[in-house]
Amino acid sequence: MQERSFSGVEPVKRTGLTEILVSRILGLVTAGNLKAGDQLPSERSLAESFQVSRPTVREAVRALAVLGVLEIRHGGGIVVSQLSAADLLKPLTFFLTLQNTEVDKLYEARELIESDIAARAAVKASAADVALLERLIAEQEAATETPVQYRAVDTTFHRHLAELADNEFLARTAESLNILGLEFRKVASETPSVISRSIQDHKAIVKALRENDAEAARAAMAAHMRNVLRSTRESMKAGDRP
């Protein structure tokens, strides 16, 4: 494990020290100067490099740990996390679970992104790609009675579609939104009928890909996202009843 040097960094100004230090470290991660698995210098070294107090460093590190950017390991120092989408989205996921009305906006965004992905995938899909997606649908059908397994295969299905679209930005956005959507789906009571509806939607999407029909794929995915939103909203509403 490599410990990163912070020599030559710009000192932090004295107003809003913790927030500024958090922003500065996030900037180093974004720029690639800090990578997953890198070990940060000691608390004392960080304080000296940024010319702030050790309590300020401690507060900033804790904040970044809550965000999922850093890990505080007992006896192992401060390490940059694996920066996985699931970990980085945990704070936002928690917020969304407190704001049920946000589910509509989340799926509005998913519909836009996933529909475009499906259309792009339809243009590029080969017979082998379609066969793979059909195998995943078969796995979904086998998992109708086990929602946890179904959700795992469902995530794989959408990931393969995103890979076919061949746009990393769309793929990363879709992955993030899917993770947030899964949190709502966990609140919702997954039932075989809900899963069966999603599987039928997936079959319609794959049919469009088989025919390389971009607009049909776009429409099928949009319908799928609307169905998912509807069932999720209904299940969440049922869960609120006494």
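Check whether at least one residue in the range 89-104 is farther than 22 Å from S196 by Cβ, crowded, with 18+ Cβ neighbours inside 10 Å and at pLDDT below 90, and report yes or no.
Narrowing the range 89-104 to residues farther than 22 Å from S196 by Cβ: 89-102, 104.
Now drop any that are not crowded, with 18+ Cβ neighbours inside 10 Å, which leaves 89, 96.
Filter once more, keeping what is at pLDDT below 90: 89, 96.
Within the range 89-104 (the criterion being farther than 22 Å from S196 by Cβ, crowded, with 18+ Cβ neighbours inside 10 Å and at pLDDT below 90), the answer is yes, since at least one residue qualifies.
Yes/no per residue for (1) touching a residue at least 24 places away in the same chain (Cβ under 8 Å); (2) within 15 Å of E71 (Cβ to Cβ); (3) assigned to a helix (DSSP H, G or I); (4) open to solvent by 40 Å² or more (accessible area, probe 1.4 Å):
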| residue | (1), (2), (3), (4) |
| --- | --- |
| R24 | yes, no, yes, yes |
| G27 | no, no, yes, no |
| K35 | yes, yes, no, yes |
| R44 | no, no, yes, yes |
| A47 | no, no, yes, no |
| P55 | no, no, yes, yes |
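Once the range 116-129 is narrowed to residues that are in a helix (DSSP H, G or I) and open to solvent by 10 Å² or more (accessible area, probe 1.4 Å), the residue that is farthest from E215 (Cα to Cα) is A128.
Tell me the residue from E175, E134 that is open to solvent by 60 Å² or more (accessible area, probe 1.4 Å), under 17 Å from E114 (Cα atoms) and part of a helix (DSSP H, G or I), please.
Numbers: E134 fails: under 17 Å from E114 (Cα atoms).
When all the criteria are applied, what remains is E175.
The values are calculated or read from the model by the stated rules, or taken from the named source; none is laboratory data. Computed from a prediction, not measured in an experiment: that's the story for all the values here. Methodologically, a virtual Cβ is constructed for each residue, glycine included, from the backbone with ideal geometry; neighbour enumeration extends over all protein chains shown. Surface accessibility is based on the protein's heavy atoms, side chains included, excluding ligands, DNA and RNA. Shrake-Rupley method; radii C 1.70, N 1.55, O 1.52, S 1.80 Å.
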